[in-house]
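Undergrad: If you scroll down you'll find the structure; I have some questions about it.
Each reported figure results from applying straightforward, stated rules to the coordinates on display, with no laboratory input. Here the structure is a predicted model, which is why all the values come from computation and not from measurement. No Cβ is skipped: glycine too gets one built from the backbone with ideal geometry, and neighbour counts run over all protein chains shown.
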Amino acid sequence: MTPPPLATRETAREARFAGVWTQDLKDVFADVAPYYDRANVIATLGLLGWLERRFMGTVAVHPNERVLDVCAGTNAIGIALLKREPALAVHAIDRSAEMQAVGRARARRLGLSIASIIGDVHTLPFPDDHFDLVTLQFASRHLRVRRVFAEIHRVLKPGGRFHHCDMLRPASRGVEALYYAYLRPCLAMTAFAFGSGRAALNCKRYFIDALQMFYSAEELSAVLVELGFEHVGAQTVLAGTVAFHRAAKSHRA
Ligand SMILES: C[S@@+](CC[C@H](N)C(=O)[O-])C[C@H]1O[C@@H](n2cnc3c(N)ncnc32)[C@H](O)[C@@H]1O
């Protein structure tokens, strides 16, 4: 399937997926929260840890910085950042109380402190120019990307950095076909292995559809530039199926 042109992609994504985004995904993440981390290790064939280390390797942190992890889920990113630099003030926002409950317990077990906010990330409940660093991993396919990225730009301090990691639509059609051929049975097998509930089973098809309508790494860079970010760069791994983007808010903003 060829996705609509970049100029209308966001409207097309919203028209197609608004219902799933608003309700179905809430039920999915409430359902999968207790086994989300283990399921991801299996779905990525054990590569999750490697992917997160590669992503974290692109992020610089400095003592006393204020950090926001958007769609924090079970706090994988906040925990990884605090292990590297304990003198960070890390905030996590996610609308799933269930995912954050798992994340809070994970952080507590490690003696780490992450401020947790339950809320929808399309409106970030923070003042302008507030954070030194914002991260967002594995969630943009489920979001009105332009609106959330504009919010991230607003809450970043001038000169603040944004780091993004997600599964993207591969630029190569051949890789794309192989990728979906792998994902279909993989999603079915993971759902079966963990006894997923109705919400997650109903969304198996959505996960592939959302990828097909999503951005390639190059397109996502273009969106960041359009929204006013500077120093935009991307690194793709796993044949272009995952990308790490970095961008900064202008010092003049
Ligand atoms: C696939 S998980 C990723 C979690 C985490 N970032 C990670 O890397 O493991 C996607 C997360 O996005 C959250 N999410 C989806 N839509 C959201 C929204 N509109 N507002 C806040 N959180 C949202 C879900 O609740 C879920 O925790």
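Undergrad: Between Glu226 and Arg53, with labels modelled 7 Å along Cα→Cβ, what's the label distance in nm to one decimal, could you check?
TA: The modelled label-to-label distance comes out at 3.7 nm.
Undergrad: Taking 7 Å along the Cα-to-C-beta vector as the label spot, tell me the Ala7-Arg173 distance in nanometres, rounded to one decimal.
TA: For Ala7 paired with Arg173, the spin-label model returns 2.4 nm.
Undergrad: To continue, here is another question. Which one, Tyr179, Val225, Pro4, is farthest towards the positive end of the dipole of the chain when Lys and Arg carry +1 and Asp and Glu -1 on their Cβ?
TA: Tyr179
Undergrad: If you put +1 on each Lys and Arg Cβ and -1 on each Asp and Glu Cβ, how big is the dipole of the range 6-248 around its Cα centre, in Debye rounded to 20?
TA: Value, rounded to 20: 520 debye.
Undergrad: Using only DSSP helix segments of four residues or longer, with each worth -39500 (n - 2.57), what per-residue ellipticity at 222 nm results for the chain after dividing by its residue count and rounding to 500?
TA: The per-residue figure over the chain is -14000 deg cm²/dmol.
Undergrad: Using a Cα-Cα cut-off of under 19 Å, which aspartates and glutamates could be cross-linked to Lys157, ignoring same-chain neighbours fewer than 8 residues away?
TA: Glu65, Asp69, Asp128, Asp129, Asp132, Glu226, Glu230
Undergrad: First select every other residue whose beta carbon is under 11 angstrom from the beta carbon of Leu47; then total the charges, Lys and Arg +1, Asp and Glu -1.
TA: +1
Undergrad: Turning to a different aspect of this structure: Within the set of other residues whose C-beta is less than 14 Å from the C-beta of Val232, count the net charge using Lys and Arg as +1 and Asp and Glu as -1.
TA: -1
Undergrad: In addition: Could you state the number of Å between the C-alpha centres of the range 3-35 and the range 55-124?
TA: Between the Cα centre of the range 55-124 and that of the range 3-35, the gap is 23 Å.
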